Amino acid sequence: MLCIFRCFSLALLLLCLAAGVRADDILVADAYARCAFLAKSGLANVRIDVAEPVTQRKDLPPFCRVTGQIAPSIGFEMRLPMQGWNGRFLLAGCGAYCGELVPDREGYANSINFALRRGYAATTTDSGHQAPRTDTSWAYNNPQAETLYAHAWVPLAADASRAILHNFYRQKESWSYFSGCSNGGRTALKVAQMYPDLFDGIASGAPGINATYAAGVLGVFLDRTLVDKSGNLILREEKVPMLSQAVLYQCDSLDGLTDGLVSDPGACDFQPESLLCRDEGDTSTCLTAAEVEEVNRLYAGAQDSQGQQVYFGLPKGSEAYWTRWLLGETASGVPHVTDLGSNFLRYLGFEQDPGPGYHSSEFDLDGDIPKLESAARRFNATDPNLGKLQQSGGKLLMYHGLADPLTVPEESITYYNSVVNHAGSADQVSDFYRLFLIPGADHCWGVTGRAPDLFDPLQVLEGWVERDEAPERIVARQHVAVAGPEPAGPIMRTRPLCPYPAVARYRGEGSYFDADNFICQPASDGQGVGAE
């Protein structure tokens, strides 16, 4: 079949040349024919439902759109440039509990269009099930679906995508990459640990590394912290800007600059009692005693009955994003984070799924955490041994916002330190694995990719993988927020991101909105930004 198609393409080429058609037009016509042929290519374990050229998108270059299913149940969409393919392939991770195909998600978080615009062939999937991203009922007594979601979808999707790519371009890719954020970042680490030969470069953003804690334990904690006995939110949304400004006022300048960023949350000693309502009563400019207690608990993190911390607290400086992740409601009418956590425990957390009738109030922080062990083995990406990734020549770029209240930055800091301890020293891992912490950045940069859009992780990986240019610093951009379809407005500032545990320090002269006026140097406490 492939021979017949190639002969057809050659005949088309010769006819067009004889008729005096331009070479560029011939290439486009050939791409149309190759795209249509994909639907009939008969790939093993791949059902192709649609293979069609898309040429009228003003925001994207012409591409061949391929959709279908990869056995056993992985829905996918692949986009292949019809002109100017750069020889690279990207497989994107998926966020939350996956389940949806979102190829037009903007930004860099679990997205593909940013890569398509730069000439990549790129694939996105639903990880093996079809459901809303916060729904986990698909996993009810379904270990195969759980294993697919945990990591097993990746090699299946990579193999199928490569087969489609080879049929379309008639050659293999020169370089391959995996990129994901949040759950996609967790999946990226699973790839580095379990499939180290699958990609040349891996980008892991804001990963929920210890998934059983980041979803299950945190979900239980937030269920018990955010609402009162009547089920009403304790901290009202209108109080959040005041709280955020108070934290900035006290902790913004700890790094020597007053620039609207808390660059070292671990060093911030803000006490919410300073905002306690007094004679004026409950107003938008103060916190009630119940709100003060709640904020303190959020900072302190989940604790057992003896007061011992069992999971990290939320970083100081993240308050501006609490409305989005903690107080804003999902379609089911509960805060986004608690919806994630409750669903994890019902269908994913235990060896025997308790099902829809289970409520997080039944979870015992003293005795039930060990019951999550089977889920931990499946979902957690905590293995510190990256020796096989190093041997394969692969590169792992990890990044995490220091103002992330959903997958807290201590997750990434703890994992980085475990890898260094396993290897023996930071020098043993810096040639293939680096972590970058981003002051003031939300979870996956607010998901939408709008201002600030910060940096393109693929560009950083390309330099590292293809030209051996290890990232000594990454220049992040912050754009002016704009309304409308544009992804971002003009650049308002640039700032270097430094490989952990180094931090960016102002040189002492020039605009602190210009990255050129900063240098990367060791953290003064020897622990690095974010450490406590």
If you roll a 1.4 Å probe over the heavy atoms of the protein chains, what accessible area per residue do you get for segment 105-240, in Å²?
30
Convex hull volume of segment 61-218 per residue (C-alpha atoms, cubic angstrom)
101
At 222 nm, what value in deg cm²/dmol follows for the chain if DSSP H runs of at least 4 each add -39500 (n - 2.57) and the sum is divided by all its residues, to the nearest 500?
-8500 deg cm²/dmol
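Counting only protein heavy atoms, what percent of the accessible surface of the chain is carbon or sulfur at a 1.4 Å probe?
Numbers: 11230 of 22040 Å².
Carbon with sulfur: 51 percent of the solvent-accessible area.
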Stokes-Einstein D for the chain at 20 °C, 1.002 mPa s, Kirkwood Rh over Cα pairs, in µm²/s?
87
Lysine pairs meeting the criterion (Cα under 30 Å, 8 or more apart or interchain), as found in the chain
14
At what distance in angstrom do the alpha carbon centres of segment 69-92 and segment 215-272 lie from each other?
40
In terms of modelled amide H atoms, which long-range or inter-chain residues lie less than 5 Å from the amide H of residue 497?
474, 475, 476
For segment 394-418 and segment 97-130, what is the centre-to-centre distance using only Cα atoms, to the nearest Å?
22
Explain nothing, just the number: dipole magnitude of the chain about its Cα centre with +1 on each Lys and Arg Cβ and -1 on each Asp and Glu Cβ, in debye rounded to the nearest 20.
2300
Taking placed amide H atoms and a strict 5 Å upper bound, the residues 5 or more places from residue 287 or on another chain that come that close are 276, 277
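The values are calculated or read from the model by the stated rules, or taken from the named source; none is laboratory data. As the structure is a prediction and not an experimental result, all values here were calculated from the model. Because the Cβ atoms are built from the backbone with ideal geometry, glycine has one as well, and the counts that use them run over all protein chains shown. Surface areas here come from the heavy atoms of the whole protein model, side chains and all, with no ligands, DNA or RNA. Shrake-Rupley method; radii C 1.70, N 1.55, O 1.52, S 1.80 Å.
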